[in-house]
Amino acid sequence: MKKLMTILFTVCSVSLLCQTFEDDKQAQRKKQAEVYFQKSLELYYHKDHATKSWKELQKAIDLVQDPRFLAQKAKMMVLGYGTEKDDKGYALLEQQIESLKANKDGFSLYFLGYLYHFGEVLEQDVTKAVAFYKRAIKKNNSFAMYNLGAMYDEGRDIDFDEEKAFKLLKKAAKLGHSPAMSQLAIIYEYYESIADPEKARYWHKKAAHSGYIPSIYFVAKKLKDIDKKLFLYQLGVARGDIECAELYLRTCYQQEYKEKISPNHIATLSKSEKVTHLETLALIYAWRQDKENVSTHHDKLSYEAKAKVKLLLEGNSPKTTDSILRKKWNEFIGVHINKFPKEKRQKKWNGISVTQKWSSFPDLYEMQMSPDGNFIAIASESSTTLVLATTNGDVVWMRKLHKGENTQGIAVTRNAEMIIISNGAGVMAYSKQGQLLWFHQLEDAQWDVAASELGEKIYVSHGWDLYCFSDQGKKQWQAEVNARDYSIWGVDTSQNGEVILLSTNSDVIICDKNGKEIAFFDICKGNNLGVVDLDLEGETFAASYNKNQAYIGLYSVEKGKLWETKVDTGVHCAFVQRNLIVSTSRDGNISVLDLQGNVLKSFWTYVIYTLTAPYDRKIFAVAGDSVHLYSIAPSDK
């Protein structure tokens, strides 16, 4: 019996030791998993590094199946952030709800707030979202601080509160939250009550150096030191950002820093099919005398890019190449201006003789006219300035945008009662007097915006999604559009907003007022579709495109293509007026056609962008930093 007791005691002791060892091992696994998880969150929310964030998260999940880890994984699957987009993430997310509710930690409370806020899996409930965010903030959760601070800052779903927004975003920024740093910098830059340029620069720089992509763009653009500029772009390239790769390569090309270019920069940019990116790649290949890779992109290049490639392959340096082309272009302009009849050239538009009156507004990029043809709104790509002027050239006002992001699209309602802007921050509206009416944040850059004549329906294109807002800035609906091969970049609408036209790099999609597709047009192949314009009634649209040769086409929404006409020069824009179509090319040709496709008038002017008014016969042409006004006289019909 004594021997038996000894054996039992030994077995129990060994078992207890094994259990203790296993408990210690499990504790170590949990501890290490938590380290990986926190690292993943830091990379996701603080350093904008999707791929690394996903890898660290997977390491945590391999060790412990914690509901917090699985919820974050599901979110990244749904968003396609750091991994392929996968709708299975919704089911995984739904499985974690009850476990998250049982937890009391800051992240679980934040995540529940996020689910209620954006209506993911749980029914959208802003009141509950705010309550969970506030509970998470008490646990010092920077993600909840940022989301709630952003809501107060934008007046989105809750009342605008400048003081609460500032306090929350400042606290989140100090905890290392990169988007909060960026938004705090914008507050210091634009909020008059707490404006502080030094602090704005400090937080912009801190966000950029943490690897936050929007801040990298903002800070690098203003740097004069090329090495510092390249350092920031490299941070973006390390995160797989295509735009940073393009900016890095473009800067190396301009500065002739061939030795700073690595295969990784080229490989990152090669993932893009965007024409401007392909042109940058072609220039780099030609500069490096890589004829084989140049040939793969040659057919997609613009005339100017092809000319540069030819000179580079002949052994010229980038600076010499640009100098040769600049000289030829100046000679070309001089010859054509002298040939163009003076009486047919109307004088420069008074208010936009920019080199004299608007010298601080050097890079005209986007403009839109009011439907009545009496006002025009203009913004630049590289600055945050918005201008409203009359079409006689008198400036009504000029102001900085509410959010310091590059303008992507402008819409103007009748008599300029409302000017709507879409940019990398979201969509915003200004009154005729220049006051901010409302702002709605959307993640990442928006491509374009359109509005009905009175502004009661506002449409914003955003990747593969289409948003509809009311004139009060309330989101009415969001629809995912089947854009086939490319994302949506252009949006237009009829006078009453009942018909919506969406354009990609090759196709046109017609939707009803609820975003439902009613017609699809495969216009051309590749990145060859220019600006497309819908008529006031929403019955026909004009398109400019290339199919080995340049074409202008008129399409019926119901019947399809009515006709297409070849034009001599590459097209860029096509606009439908009451009984005319105006088309322009990047090399300066303007053609006026009737609705049967007959060219009534064609003339040359040194333009890069044009705009027409649907109700009258005005054509605005942008040339560099100047705007010219032409009128189509009734006799020209």
### Message
Solvent-accessible area of residue 24, probe 1.4 Å, all protein chains present, reported in Å² to the nearest ten, please.
### Response
90
### Task
Grab the beta carbon distance between residue 31 and residue 562, set R0 = 45 Å, and tell me the FRET efficiency rounded to 0.05.
0.05
### Summary
For segment 177-232 the mean separation of alpha carbon contacts under 8 Å (6+ apart) over residue count, i.e. relative contact order in percent, is 28
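Round to the nearest 0.05 the FRET efficiency obtained for residue 86 and residue 254 when R0 = 51 Å and r is the Cβ-Cβ distance.
So the FRET efficiency works out to roughly 0.80.
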### Query
Suppose R0 equals 22 Å; then what is the FRET efficiency for residue 231 and residue 202 from their Cβ-Cβ distance, rounded to the nearest 0.05?
0.80
### Query
Taking all protein chains as present, what is the carbon and sulfur share of the accessible area of segment 242-304, in % to the nearest whole number, probe 1.4 Å?
48
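Work out how much length residue 600 to residue 128 would gain on full extension: take 0.36 nm times their residue separation and subtract the Cα-Cα distance, in nm to one decimal.
163.7 nm
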## Note on the structure
For segment 85-165 the GluC sites (Glu not before Pro) that pass both the DSSP coil test and the at-most-14 other-Cβ-within-10 Å test are 123
### Message
Relative contact order of segment 65-119, please, whole-number percent, based on alpha carbon pairs below 8 angstrom and at least 6 residues apart.
### Response
28
#### Entry: Out-of-range pairs (alpha-carbon distance over 25 Å; input 291/566; 52/88; 30/101)
291/566
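Can you tell me the relative contact order of segment 38-188? Whole percent, Cα pairs under 8 Å, sequence separation 6 or more.
15
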### Task
With a 1.4 Å probe and every protein chain kept in, tell me what percent of the accessible surface of segment 57-156 is carbon plus sulfur.
47
### Message
Test of understanding: extend the Cα→C-beta vector of residue 289 to 7 Å, then name every residue of segment 302-324 with backbone N under 14 Å from that spot.
### Response
312-317
### Selection of trypsin sites (Lys or Arg not before Pro), segment 50-119, meeting DSSP coil and at most 15 other Cβ within 10 Å
85, 104
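Order the following by accessible area, largest value first: 181, 398. Probe radius 1.4 Å; ligands, DNA and RNA are ignored. Before the final figure, lay out each step's value.
On the way: 181 10, 398 85 Å².
Of 181, 398, the descending order of accessible area is 398, 181.
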### Message
How far apart, in nanometres, would the label points at residue 139 and residue 195 be if each is projected 7 angstrom from Cα along the Cα-to-Cβ direction?
### Response
4.1
### Message
Students sometimes get this wrong: rank 277, 297 by accessible area, probe 1.4 Å, all chains present, largest first.
### Response
297, 277
#### Entry: Solvent exposure, largest accessible area first (probe 1.4 Å, DNA, RNA and ligands not counted), of 292, 56
292, 56
### Query
What trypsin sites (Lys or Arg not before Pro) does segment 207-269 have in DSSP loop regions with at most 14 other beta carbons within 10 Å?
224
### Task
May I ask you to give the solvent-accessible area per residue for segment 231-306, in square angstrom, as obtained with a 1.4 angstrom probe?
49
### Too-long pairs where the Cα-Cα distance tops 26 Å, listed order kept, from 174/260; 170/221; 75/104
174/260
### Message
Rolling a 1.4 angstrom probe over the protein chains, ignoring ligands and nucleic acids, what is the accessible area of residue 438 in square angstrom, nearest 10?
### Response
30
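The values are calculated or read from the model by the stated rules, or taken from the named source; none is laboratory data. The structure presented is a predicted model; accordingly, all values stated were derived computationally and were not measured. Counting neighbours? That spans all protein chains shown, and the Cβs are built from the backbone with ideal geometry, glycine included. Keep in mind that these areas ignore ligands, DNA and RNA; they rest on the heavy atoms of the full protein, side chains included. Shrake-Rupley method; radii C 1.70, N 1.55, O 1.52, S 1.80 Å.
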